[in-house]
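The values are calculated or read from the model by the stated rules, or taken from the named source; none is laboratory data. Note that the coordinates shown come from a computational prediction; the quantities given were computed from them, not determined experimentally. Counting neighbours? That spans all protein chains shown, and the Cβs are built from the backbone with ideal geometry, glycine included.
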Amino acid sequence: MTAPRLDLVIRNARVATASDTYDADIGITAGRIVQLGAGLPEGAREIDAAGRVVTPGGVDAHCHLDQPMAPPLRMADDFDTGTRAAACGGTTTVIPFAAQEKGQSLRAAVADYHRRAEGKAHTDYAFHLIVSDPTPEVLNEELPALIREGYTSFKIYMTYDDLKLDDGQILDVLAVARQHGAMAMIHAENADCIEWLTKRLEAAGRTAPRFHAHARPMLVEREATHRAISLAELVDVPILIVHVSGREAVEQIRWARAQGLTVYAETCPQYLFLTAADLGVDDGYHGAKCVCSPPPRDKANQDVIWNGLNDGLFSVFSSDHAPFRYDAPEGKKPDGEEVAFRHIPNGIPGLETRLPLLYSEGVLGGRMTLNRFVELTATNPAKAYGLHPRKGTIAIGSDADLVIWDERELVLRNANLHHAVDYTPYEGRTLRAWPAVTLVDGEVVWDGHFHPRAGRGRFLPCGEPTLAPNPRRA
Ligand code: DUC
Ligand code: ZN
Ligand code: ZN
């Protein structure tokens, strides 16, 4: 009996996973990788990848899409434009946040977020939860049930008035993570210090965008990182500190690891490629484009982040895509005004540029191996949030989410990007690679042109995180 014909063969690929690099053909049927090897039989369709590196599609485990905002603010990207941009930049799975408003049930937040995603996504997607109101009902009923249903990670904020939890609430939520084997992600900045500094800056008339960085110095991140670690130690649960920006927070995480604590860390492109100077060197408003939290630091801190990416301190490299248009009343100029930094919506776009930036400067710049690149951008995020090995690797049985890389110089222009934001913080930067082809579940979504198909992207219920050991099993 002859074997059924493969739907697609990607021929002569230089396959890179988190552990290996080798030459092979990749055989795909029904959206999955079914064969890997030399000289595979002819497929119904063939793509020649001769001379090209093929990596797993990226998993962007920290991005914000169509997240409800207080008026007049509105995110520029929804699941259509956000996942379109993701796919064109080589990311094939996104994990944005179903955010609970205070007073809202968590389940209502999840239902609302499904409505926002349904039928729109061009990549597969899962949801993290944001817990902003941990009532007894949320802690005892909703969270455990949602974890069982595939929402196995949640973000805890230590800052932002409408989202932050106090230490007692954080302990309560961490205890649920421990009991039910979920992954807790922590935004570590000290809210009271930020408020105190902001008021002093405002009293001195220092309200231009660049003062955002003055209101959130490294100290406020260091203190909150240490406190988050201590709270997790008390509960005895692994945590993942998101968007780590520089040395002092890194030192806290290294210290925790030296004590034997399981503390994972994420960083983002803005902490490698931007500095506080990008928020402005004078009182002009353009720096609002780069207002995000924690803020970008300086060159010395960038070097610390590069080291941490290489030596295993960081497990995950995400975009923290938080898309606001610059010249828009729902974006960086609320109601059309150039406002004081306190009122500028936090966040920068980065879904489409995350992989090309790290591939260009990290892999081709000689700062990290190709395998480490795959681990940070695809394999580890899939493991951390319970999607591996379906996502994040090239293996038999995995979804055929792949990137064929084109190593050539190009100049980054927002006009060539696919998000709905009117700028990129990296305008004019020279890159050394871009995806030639992105496949999602075996379908070509990007090959220099974007190929939309309504409803392609599927919701992925997440399993138990596998990056961290589950303390219940210890
Ligand atoms: N900081 C966050 O914590 N979330 C979204 C954007 C940002 O800058
Ligand atoms: Zn955050
Ligand atoms: Zn974020």
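With respect to Glu338, is the statement that it is in contact (Cβ under 8 Å) with a residue 40 or more places away in the chain and over 30 Å from Thr198 (Cβ atoms) true? No; evaluated as a whole, the condition is false for this residue.
Take the residues in segment 280-326 that are part of a loop (DSSP other than H, G, I, E, B) and either among the polar types (S, T, N, Q) or on the phi > 0 side of the Ramachandran plot (or both), then tell me which one is nearest to ligand 3 (Cβ to nearest atom). Show your work before the answer.
Within segment 280-326, the first condition is being part of a loop (DSSP other than H, G, I, E, B), and the residues that meet it are 280-285, 291-298, 312-315, 318-320, 322-326.
Filter again for either among the polar types (S, T, N, Q) or on the phi > 0 side of the Ramachandran plot (or both), leaving 280, 293, 312, 315, 318-320.
Values: Gly280: 22, Ser293: 8, Gly312: 23, Ser315: 17, Ser318: 8, Ser319: 9, Asp320: 4 Å.
The extreme case among them is Asp320.
For segment 43-67, the tally of residues that are within 16 Å of ligand 2 (Cβ to nearest atom) and either hydrophobic (A, V, I, L, M, F, W, C) or outside any strand (DSSP E or B) (or both) stands at 6. Annotation: Thr275 fulfils all but one of (1) of a type in the set (S, T, N, Q); (2) farther than 21 Å from Asn380 by Cβ; (3) surrounded by 23 or more Cβ atoms within 10 Å (Cβ to Cβ); the unmet one is (3). Is it the case that Leu351 is more than 16 Å from ligand 2 (Cβ to nearest atom) and at pLDDT 95 or above? For Leu351, the condition - more than 16 Å from ligand 2 (Cβ to nearest atom) and at pLDDT 95 or above - is not met. Test Ile404 against the criterion of being more than 26 Å from Pro469 (Cβ to Cβ) and among the hydrophobic types (A, V, I, L, M, F, W, C), and give yes or no. Answer is yes for this residue.
Within segment 307-331, how many residues turn out to be crowded, with 18+ Cβ neighbours inside 10 Å and either β-branched (Val, Ile, Thr) or under 21 Å from the mean Cα position of the chain (by Cα) (or both)? Write out each step before concluding.
Filtering segment 307-331 down to residues crowded, with 18+ Cβ neighbours inside 10 Å leaves 308-309, 313-325, 330-331.
Now narrow it down to the ones that are either β-branched (Val, Ile, Thr) or under 21 Å from the mean Cα position of the chain (by Cα) (or both): 308-309, 313-325, 331.
Residues meeting the conditions: 16.
Every residue in segment 68-89 that is among the aliphatic types (A, V, I, L, M) and part of a loop (DSSP other than H, G, I, E, B), please.
Keep residues of segment 68-89 that are among the aliphatic types (A, V, I, L, M), which gives 69-70, 73, 75-76, 85-87.
Residues satisfying the conditions are Met69, Ala70, Leu73, Met75, Ala76.
Take Val281 and tell me if it is surrounded by fewer than 24 Cβ atoms within 10 Å (Cβ to Cβ) and under 13 Å from Pro209 (Cα atoms). So that I can check it myself, show each step before the final result.
Numbers: surrounded by fewer than 24 Cβ atoms within 10 Å (Cβ to Cβ): yes; under 13 Å from Pro209 (Cα atoms): yes.
Criteria met by Val281.
Flag not set for Val176, criterion: touching a Cys at 6+ places or on another chain (Cβ under 6 Å) and either at pLDDT below 95 or more than 16 Å from ligand 3 (Cβ to nearest atom) (or both).
Could you pull out the residue among Pro381, Pro425, Pro345, Pro356 that is closer than 26 Å to His122 by Cα and within 16 Å of ligand 2 (Cβ to nearest atom)?
Details: Pro425 fails: within 16 Å of ligand 2 (Cβ to nearest atom); Pro345 fails: closer than 26 Å to His122 by Cα; Pro356 fails: within 16 Å of ligand 2 (Cβ to nearest atom).
Answer to the check: Pro381.
So, Leu146, is that one buried (at least 24 other Cβ atoms within 10 Å of the Cβ) and either under 19 Å from Ile170 (Cα atoms) or within 16 Å of ligand 2 (Cβ to nearest atom) (or both) or not? So Leu146 does not fit the description; no. The residue of segment 241-258 that is surrounded by the most Cβ atoms within 10 Å (Cβ to Cβ), among those that are away from ligand 2 (no atom under 16 Å from the Cβ) and closer than 11 Å to Glu221 by Cα, is Gln252. Pairing each residue of segment 319-330 that is of a type in the set (A, V, I, L, M) with any residue that is in a loop (DSSP other than H, G, I, E, B) and within 16 Å of ligand 1 (Cβ to nearest atom), provided the two are 6+ apart or on different chains, yields C-beta distances under 6 Å for Ala322/His64; Ala322/Gly347. The residue that is farthest from Leu234 (Cα to Cα), counting only those in segment 255-304 that are more than 16 Å from ligand 1 (Cβ to nearest atom) and of a type in the set (A, V, I, L, M), is Val281.
Ala249: within 16 Å of ligand 3 (Cβ to nearest atom) and closer than 21 Å to Pro96 by Cβ, yes or no? Lay out the reasoning, then the answer.
Numbers: within 16 Å of ligand 3 (Cβ to nearest atom): yes; closer than 21 Å to Pro96 by Cβ: no.
For Ala249, the condition - within 16 Å of ligand 3 (Cβ to nearest atom) and closer than 21 Å to Pro96 by Cβ - is not met.
When each of Lys383, Lys391 is tested for being touching a Ser or Thr at 6+ places or on another chain (Cβ under 7 Å) and either among the polar types (S, T, N, Q) or part of a loop (DSSP other than H, G, I, E, B) (or both), the lone residue that passes is Lys391.
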